[in-house]
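First comes the structure, then the notes that go with it.
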Amino acid sequence: MFFQEAQEDPSLERHFKGHRDAVTCVDFSINTKQLASGSMDSCLMVWHMKPQSRAYRFTGHKDAITCVNFSPSGHLLASGSRDKTVRIWVPNVKGESTAFRAHTATVRSVHFCSDGQSFVTASDDKTVKVWATHRQKFLFSLSQHINWVRCAKFSPDGRLIVSASDDKTVKLWDKNSRECVHSYCEHGGFVTYVDFHPSGTCIAAAGMDNTVKVWDVRTHRLLQHYQLHSAAVNGLSFHPSGNYLITASSDSTLKILDLMEGRLLYTLHGHQGPATTVAFSRTGEYFASGGSDEQPEVDFPGPPGRGRSVESVQSQPQEPVSVPQTLTSTLEHIVGQLDVLTQTVSILEQRLTLTEDKLKQCLENQQLIMQRATP
């Protein structure tokens, strides 16, 4: 277990080596001083971003860890596991934890509400459950999914919950009424991950059908549709600015998307196997990813506007860029632009149909008026 700075690649800040099996999940603390990672090796590790600092290895789960999330204050850390439990840890040298039990199958996802008073979990038992953090109490279940639930997240204001399932749906829930507000059914396969945009106005969902889709939670309209990966998309994370989205895929790549322009910015090829998880730091200065190559990696920010331009990142590629890679990147960009164009044409067609319907109605009304006016 040691820290190694990857001098050969200026865009890669650090490898963290210590897990004995695939890394399944990563999350940053609020002040970006700590990075937590969970693994198939059943261990939770908390890494300090300061070089040469000691890492903590926490044991307690009896099976693979599938999800981690720091509380908003950073004083607590939640983890979920195949052992059907959720644990809340105090991320210090003692590593004390409390186990929460109510799920009857693997816990796939855990996420704190913005006030830290509650957290939400998703499980293979087909339920989403909400818990009281400090009272250490199970509160209620949301039970309309008909297959495993892979992910559940609170909205930034804590009023909504979004969940993603192997039943190929994304569901939006009202926390207070505990009712499903809307089901998004456009995915062609299992939905692996979902999260809210920092503004709370839209959600992004990743799927086994290699796609990422962005919906408006107010109108429920599909805003953007990306099909840039060549294998399942396993995770995604919004940049705190809300302008960028990073994705992790079984095709071993991470991709950063410019949401304002609806296009691919660039592709990162650091992982040697499937990239299983990715997360921006709370300040947007870093992002971390994990995969089957058993080590979380921390990268400098890709998005422009924080000291590095897109050009500076692209001019320092992770590996020599060959002609086929350049061609692939160009084709991906074209496909992305075609997706946006297709969506735009679809919207225009809908508007044209509405206009034609209204014009037809006006002409019919005018004819009726003229008929009545004729003696």
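The values are calculated or read from the model by the stated rules, or taken from the named source; none is laboratory data. Note that the structure is predicted; figures quoted are calculated from it, not measured. Neighbour counts run over all protein chains shown; Cβ positions are idealised from the backbone, glycine included. Areas reflect the complete protein model, heavy atoms only, side chains present, ligands, DNA and RNA absent. Shrake-Rupley method; radii C 1.70, N 1.55, O 1.52, S 1.80 Å.
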Given backbone amide H placed at 1.01 Å from N, residues whose amide H is under 5 Å from that of LEU259, ignoring those fewer than 5 places away on the same chain, are TYR244, LEU245
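Among the listed pairs LYS62/LYS126; LYS168/LYS358; LYS171/LYS358; LYS17/LYS213; LYS62/LYS171, which have their C-alpha atoms separated by more than 24 angstrom in this model? The partial results should precede the final answer.
Working: LYS62/LYS126 21 Å; LYS168/LYS358 36 Å; LYS171/LYS358 33 Å; LYS17/LYS213 33 Å; LYS62/LYS171 30 Å.
Table pairs above 24 Å Cα-Cα are LYS168/LYS358; LYS171/LYS358; LYS17/LYS213; LYS62/LYS171.
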The summed charge of the GLY189 Cβ neighbourhood (under 14 Å; Lys/Arg +1, Asp/Glu -1) stands at -1
Residue-normalised value, i.e. accessible area per residue, for the range 121-253 at 1.4 Å probe, in Å², stands at 37
Along the range 183-194, Karplus-curve 3J(HN,Hα) (6.51, -1.76, 1.60; θ = phi - 60°) to the nearest Hz, with x for Gly and Pro, reads 10, 9, 10, 7, 6, x, x, 4, 9, 8, 7, 8
If the chain between ASP115 and GLU285 were fully extended at 0.36 nm per residue, the gain over the current Cα-Cα distance would be 58.9 nm
If amide H atoms are modeled at 1.01 Å from N in the peptide plane, then the residues at a separation of 5 or more from LEU139, or on another chain, having amide H under 5 Å from its own are VAL130, TRP131, ALA132
The answer for THR253, listing residues at least 5 apart or on another chain whose modeled amide H is closer than 5 Å to its amide H, is ALA275
Quick tally, 1.4 Å probe accessible area for THR219, THR283, sorted with the most first, runs THR219, THR283
Taking only protein heavy atoms and a 1.4 Å probe, the highest-to-lowest accessible-area order of TRP148, TRP89 is TRP148, TRP89
Among LYS84/LYS153; LYS50/LYS153; LYS33/LYS94; LYS137/LYS175, the pairs whose Cα-Cα distance exceeds 20 Å are LYS50/LYS153
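Only sites in a loop by DSSP and with at most 14 other Cβ atoms within 10 Å count here; which trypsin sites (Lys or Arg not before Pro) in the range 54-130 make the cut? Kindly include the intermediate steps, with their values, before the conclusion.
Working: sites: ARG54, ARG57, LYS62, ARG82, LYS84, ARG87, LYS94, ARG101, ARG108, LYS126, LYS129; in loops: ARG54, LYS62, ARG82, LYS84, LYS94, LYS126.
Passing sites in the range 54-130 are ARG54, LYS62, LYS94.
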